[in-house]
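The values are calculated or read from the model by the stated rules, or taken from the named source; none is laboratory data. Small disclaimer: the values here were computed from a predicted structure and weren't measured. Backbone-built Cβ (ideal geometry, glycine too); neighbour counts: all protein chains shown.
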Amino acid sequence: MEEKALIPIAQTDITIAGFPITAVLLPDDQTGEVFDMFCKALDLQTHYQIHRIHNDPVLFDSLALVALETPGGTQRINVIYTWALPL
């Protein structure tokens with residue numbers, strides 16, 4: 001069964017330390033950032049980080065699948081909730 005992607009209320013592109021990151025406001029009033037962009041900014045391998053998150057009881061629910069509008073059309077993308085970034 002395919003997981004349903006959340007539709008963000010708003011999305012914006014921001015720059016942190018010279019790295020572009022897309023931030024979103026989700027329907028449950030939580031905020032998050034595109035996980036792949038966040039990993040690139042920290043020079044981390046995205047697939048290793050996803051594996052780590054899925055095996056961590058605290059971080060397990062820190063990713064959401066979100067349908068983002070891009071120049072190439074709607075893309076289903078992993079977003080990490082802002083509350084999980086410091087962890």
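Is it the case that some residue within the range 56-71 is among the polar types (S, T, N, Q), modelled with pLDDT under 95 and either in a strand (DSSP E or B) or in contact with a Lys or Arg (Cβ under 8 Å, 6 or more places away or on another chain) (or both)? Yes, the range 56-71 has at least one match. Remark: pairs (first residue in the range 51-64, without any contact (Cβ under 8 Å) to a residue 40 or more places away in the chain; second residue polar (S, T, N, Q); Cβ separation under 7 Å; 6+ apart in sequence or on different chains) = Ile53/Ser62; Leu63/Asn78. The residue that is nearest to Ile16 (Cα to Cα), among those in the range 35-55 that are of a type in the set (S, T, N, Q) and assigned to a loop (DSSP other than H, G, I, E, B), is Gln45.
Restricting the range 3-31 to residues that are out of contact with any Gly (no Cβ under 9 Å at 6 or more places or on another chain), closer than 13 Å to Ala67 by Cα and free of Cβ contacts under 8 Å to residues at least 60 places away in the same chain, the residue that is surrounded by the most Cβ atoms within 10 Å (Cβ to Cβ) is Thr22. Considered as a group, the residues in the range 1-34 that are assigned to a loop (DSSP other than H, G, I, E, B) and of a type in the set (Val, Ile, Thr) include one that is farthest from Thr74 (Cα to Cα), and that residue is Ile9.
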